[in-house]
Structure formats: structure tokens, C-alpha cells
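The values are calculated or read from the model by the stated rules, or taken from the named source; none is laboratory data. Keep in mind that what you see is a predicted model, and the values were worked out from it rather than measured. Here the Cβ positions follow ideal geometry from the backbone for every residue, glycine too, while neighbour counts run over all protein chains shown. We work out accessible area using only protein heavy atoms, side chains counted, and drop any ligands, DNA or RNA first. Shrake-Rupley method; radii C 1.70, N 1.55, O 1.52, S 1.80 Å.
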Amino acid sequence: MSTTSPRSIPNILSIAGTDPTGGAGIQADLKSFAAHRGYGMCVVTALVAQNTRGVREIHLPPVSFLRAQLDAVSDDVALDAIKIGMLGTEEIITTVAEWVDSLGHGRHGDGEDGDGGDAQDDVDGSGPVLVLDPVMIATSGDRLLDAAAESALIAFLHRADLITPNVPELALLAGAEPASDPTGLISQSRAVADEHQVVVLAKGGHLDDATAQEHVVDTLVYPQRAGVRPAEEQFLSPRIHTQNTHGTGCSVSAALATLAARGHSWSTALPVVKDWMTSALQDSERLDVGQGHGPIQHFAQLWD
Ligand SMILES: Nc1ncnc2c1ncn2[C@@H]1O[C@H](COP(=O)(O)OP(=O)(O)OP(=O)(O)O)[C@@H](O)[C@H]1O
Ligand SMILES: Cc1ncc(CO)c(N)n1
């Protein structure tokens, strides 16, 4: 495992939509970066009128202004990691893709050196680490990506080092029905990982199989490459029985981006992030925010 940045506090950029109630999107990402000791920055793709009960309206600023925001950051700040969340439209996806390509990003953590070792041991790459949370559907069930954008998002996947779909998002990416258990999640992840040559973290928060009342299973699936052993790793944590799950996905991908920028591999970062998520979900009961799916308490481990 190598450190990707000489900076003791890495610079992490979120490219995502907003949540004015602070639980998801950019607001969640910034809290998650800070909770994991990163310096957080953000570029807004979409202004979303939403709360803990659902999405009401979405306003998309012109893509020329999105590109201006992206350039303003990258012209001035050396980036260690980028976390991409809600993109919204095909035009937005193309704009972000062109900007990412202009950075000369080389991928991390997928075994590109072809040394025949475990894929998860390799984290070297060039440019910032890129984590893509393929946000398509909110916890409330509302769609956050228009249908025309789905194929553009699929074409974007190969640029990422890690993608973090939930159960319905993985099904959309794999062109299948939503998986009902961890085995189904692994086989859909394997298809997506191999086709797009990207590491997949399949999040099991939405599963409802026999063990799902007790545990949440998240699985890392590494792409099959010449000379590199394909690998899958499962990570269990206790299921916390709470309504306050708004923004868990955003927060996890932001946390992983920060830890990767601090030199973690995906397999060393994920247990740290899952322990943190367990305490953030447990401590969410101390918050009193909204009447629907409330936010997690990002700073549970700091505010004991
Ligand atoms: N009730 C829970 N108890 C423990 N961990 C959970 C729970 N719900 C979600 N998680 C964890 O949070 C992360 C996000 O999982 P989930 O599958 O819910 O993603 P998501 O649907 O993208 O989230 P969201 O759309 O709410 O932001 C995963 O790492 C998962 O293990
Ligand atoms: C802006 C935004 N991104 C992601 C999600 C998914 O939780 C959400 N509700 N809102």
C-alpha cells in the first residue's frame, strides 16, 4: 500500500447535487470528508429541493457554469481524490467526463501493474483517486437521473477507480432485476467490474434476505485482468435498526475517497468506514432533523 499524496491533509473534491437538509449529496460529502480528516471542496451539479421525505424539484445550472466551477478548482488546487455523486443529465456527465480526461487521470487500485498479485494490493496510479457513486435513485425511491443519462453514465464507468452502487443501481448497470441476496449482488458486480474494468463496491443496505435483519453485507469485486487474480471480499457489519439512513451511500463513498487519498487500499478502508457508519447510524438518534429518513451523525466518533 502506498501513500498517494505528500499532503498530510488531502484535498478532496465532491462533484454532486445538493440537499438543503444537510443529510445527503454535497452537504453529506463535506461532513464525511471532514470526519475522515480530509480538506473538503465541492462543485455543484444540481440544486435539489429535497428534504428527509423526498425530492420536490431539481434545478440544473448551465453546463458551461459547471465547467467553470470545475476549472476554477483544478486550475488552482492539487486534487488528491474526487468523489462524484448525482450527475443528472447526459450533458452534465459529458462535461464532467471531458474535465476528468483533461486532468490526465490514471487509475488506482485495480491491479494495473499486472504483477499477478492480489488486485486489492495495488493502489498506484496517477492523478486524483476517482470514486463514482452512480446516484440514480434516492432512499425515498425518487429518481435522481433522467433516463437518457443512464447510458452516458455507463460509458463513464471505466474512468473511475471505484464505483459504489446500491442494489437497484447495480441492477440498472448490470441490466438485470435487483439482486435479492449477497450472491446475486456478487454476480452482478462481477459482470459490471469485468465489462468496465472498474472495482465495484456493491452496497447491501437494501437487501432483505434471511440474514439482512442482523447484518449488512458490502462486497468489493475487483475486475478480472490478464495476470491478476480476480478477487471478491465481503465485509459484514451489524444492521442498525433506524429510519435515519438518508445519505448513507453518499457518506460512504466520500469516506472511501478520503481514506484512499490518505494511502488506504479499498480493502483496508472499507472496514474503517463501516465501523464509522455503524456509530454514525447509532448516534443519529441524538439528532432531530425532519420527519422522514433522517440524516446520520457524521461526527459521532468526535463528539462522544
Ligand atoms: N441500517 C443499516 N445498518 C448498518 N449499515 C447500513 C445500514 N443501511 C446502510 N448501511 C451501510 O451504509 C452504506 C450505504 O448503503 P445503502 O445500500 O443503503 O446505499 P444507498 O442506497 O446508496 O444509500 P442512500 O441512497 O441512502 O445514500 C453501506 O455501506 C451499508 O452497509
Ligand atoms: C443530491 C443527492 N445526491 C444523492 C442522494 C442519494 O441519497 C440524494 N438524496 N440527493
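Worth a mention:
- Highest average first, the peptides 40-51, 156-167, 16-27 ordered by how many other beta carbon atoms sit within 10 Å of their residues are 16-27, 156-167, 40-51.
- Annotation for the range 34-101: GluC sites (Glu not before Pro) lying in DSSP loop with at most 16 further Cβ atoms inside 10 Å of their Cβ do not exist.
- The range 149-304: relative contact order as a whole-number percent, Cα under 8 Å and 6+ apart: 17 percent
- Net charge in the neighbourhood of Leu13 (other residues with Cβ under 10 Å of its Cβ; Lys, Arg +1, Asp, Glu -1) is -1.
- Per the Cα gyration tensor, the range 1-62 maps to an equivalent ellipsoid with semi-axes of 28, 13, 7 Å, ordered largest to smallest.
- The residues neighbouring Leu47, those whose beta-carbon lies less than 11 Å from its own, together hold a net charge of -2 under the Lys/Arg +1, Asp/Glu -1 convention.
- Share antiparallel - DSSP beta bridges, the range 11-286, percent rounded to 5: 45 percent
- MRE, 222 nm, helices only [DSSP H, n ≥ 4, -39500 (n - 2.57), over the chain, to nearest 500]: -10000 deg cm²/dmol
- Atom-type composition of the exposed protein surface of the chain places 50 percent of the accessible area on carbon and sulfur (1.4 angstrom probe).
- Computed with a 1.4 Å probe over protein heavy atoms only, the accessible surface of the chain comes to 41 Å² per residue.
- Shape call, the chain: gyration tensor on alpha carbons, a/c limit 1.5: rounded
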